[in-house]
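One structure below.
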Amino acid sequence: MLLNGHIALITGAGQGIGRACAVIFAAQGADLVLFDKNPETLNNTSDEVARMGRKVMKYTLDLTNLEKLREAVENACKIGLIDILINNAGFDRPGTTAKIDKKEFEAVLGIHVTVPLTLIQMLLPGMRKAGWGRIINVSSIYGIIGGKGEVAYSTAKAGIIGLTKSVARECGQDGVTVNAVLPGLTRTPTIETFMDERYKKDIIADTPLGRIAEPEEVARVIAFLASDEASFITGIALPVSGGWGI
Ligand SMILES: NC(=O)c1ccc[n+]([C@@H]2O[C@H](COP(=O)([O-])OP(=O)(O)OC[C@H]3O[C@@H](n4cnc5c(N)ncnc54)[C@H](O)[C@@H]3O)[C@@H](O)[C@H]2O)c1
């Protein structure tokens, strides 16, 4: 029970890596605040976590509506001190530099950079005051190697690494660690539904472990970084990619 006595806010908890985090965090004893825009999947995760005996609050909202986001966080703080933040929710809008639509580019930066920044601004003061906190931002291997036809996503995922390192420098002395996890190709509903098999094959061919990750394999690393086991790790961008991108 590495996370006993802690409360974690997880964005994008309805499915994929966010859902796996919720279940693994609950198994490690954390109470949870879960955010997602999809009420159906969010309910499923929330029900599963509640069945595990954990306290859970869930909020259905579009995180990019910053006013609604702030309201939800203020309300969620009634659960107690939220001392773990997992910035996981995200989406992709493929496009090359020549073709990317400016609005779509900004939307991708919004969900991957502005939303995490807003959540950090709201929750960091409480963590600093308590002298303990964990922030884990879910970036991507594309954030360090770039992606052809993925200019918005790669830029956003590099941006969240810069945010991670800057906040880590600001709040280390207060007992708060801030790290980024960089998944490789991971078997989540979005990847399974929307990614062309051709692209999957190319990435797997370039992955030394020769396969796609399960969401739990990423979530377990996030849970480790959230625990006291990772007490002297801050400011890292940790690939969980089976070697893709080395
Ligand atoms: N799956 C992969 O191969 C992979 C690889 C590298 C990085 N990542 C990153 O990991 C994170 C999770 O990925 P995943 O594959 O589990 O994603 P997913 O698409 O399967 O799930 C994302 C969840 O976030 C929610 N969400 C998206 N936009 C939202 C918004 N505006 N407001 C509220 N909720 C919103 C969705 O409803 C969904 O439940 C993302 O940041 C993604 O970029 C994934």
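Couple of notes before you dig in:
- Calculated log₁₀ intensity ratio I(q)/I(0) where the Debye formula runs over C-alpha points of the chain, q = 0.09, 0.11, 0.12, 0.14 Å⁻¹: -0.35, -0.53, -0.63, -0.88
- Charge dipole of segment 1-131 (Cα centre as origin; +1 on each Lys and Arg Cβ, -1 on each Asp and Glu Cβ, all else neutral): 200 debye, rounded to the nearest 20.
- Cross-link reach list, lysines versus Lys37, counting only Cα pairs under 25 Å and skipping chain neighbours closer than eight places: Lys55, Lys58, Lys68, Lys78, Lys102, Lys103, Lys157
- Rounded to 0.05, the FRET efficiency of the Arg187 and Thr60 pair, given R0 = 30 Å and the Cβ-Cβ distance, is 0.75.
- Compactness of segment 131-185 was expressed as the Cα radius of gyration divided by 2.2 N^0.38 Å, which yields 1.25.
- Set of aspartates and glutamates near Lys99 by C-alpha distance (under 18 Å), chain-local residues within fewer than 8 positions excluded: Glu150
- With an a/c value of 1.5 or above and a/b larger than b/c for the gyration tensor axes a ≥ b ≥ c computed over the alpha-carbon atoms, segment 118-231 is described as prolate.
Read the figures in this text as sums done on the coordinates, not as results from a lab. This is a predicted model, so every value here is computed, not measured. Note: ideal-geometry Cβ built from the backbone for every residue, glycine included; neighbour counts use all protein chains shown.
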